[in-house]
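See below for the structure under consideration.
The values are calculated or read from the model by the stated rules, or taken from the named source; none is laboratory data. All of these numbers come straight from a predicted model, not from anything done at the bench. Methodologically, a virtual Cβ is constructed for each residue, glycine included, from the backbone with ideal geometry; neighbour enumeration extends over all protein chains shown. These area figures cover heavy atoms from the full protein model, side chains too; ligands, DNA and RNA do not enter into them. Shrake-Rupley method; radii C 1.70, N 1.55, O 1.52, S 1.80 Å.
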Amino acid sequence: MISHSRRHCVVELQALPSRIGQIRRIVSAQLRHWQLDPLIDRAALGVTELLSNVHRHAQPDKTCTVEIELRLGRLTVSVIDSDPRLPVLHETAADLMETCGRGLALVEAVSEAWGARPQADGPGKVVWFTLSTAPAPAAPLRPVRIAAKPVREPARAVVVAVDPGSAAPALPVASRVAASPG
């Protein structure tokens, strides 16, 4: 069996509302291909929030790149844009009537880690989050004591099926049964 320690997928796009749904579907399909179905909902929600932030805030344009990387049991989803301003997670609880301002809080809630850094090879930034591909640890197994009791089998019943149309007329039954000689 050949094992790959690294898998990588890159999509370049304009972060427009019509394209965000397409990217969600691309991310979902890629994770299905990598057999990471349990991560699809969280990854799709996270990438949607990051792309929505690019659409709302990035300047001078909405061009960005989405990278999905599977490496050593960790899925990393990154969105790279040309705006050098790093995003800020608002620590205060947003007003319930607010329609925006919760994107990074959602990314933080669905991921194991997230962050932002200036792009190393040019203007712009990278905003990323990670998800573990390992299943959550199961609860430790505890021994169960089973009391051993003898089992008695029930008496076996004999069932005879008779076709009512072929049955002989009833025979008279003697009211006394003669005792067998002993």
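Numbers below:
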| item | result |
| --- | --- |
| Output for the range 44-64, where each listed residue is open to solvent by less than 30 Å² (accessible area, probe 1.4 Å), touching a residue at least 40 places away in the same chain (Cβ under 8 Å) and either within 14 Å of Val10 (Cβ to Cβ) or not in a helix (DSSP H, G or I) (or both) | Ala58, Cys64 |
| Total residues in the range 50-77, condition over 18 Å from the mean Cα position of the chain (by Cα) and acidic (Asp, Glu) | 2 |
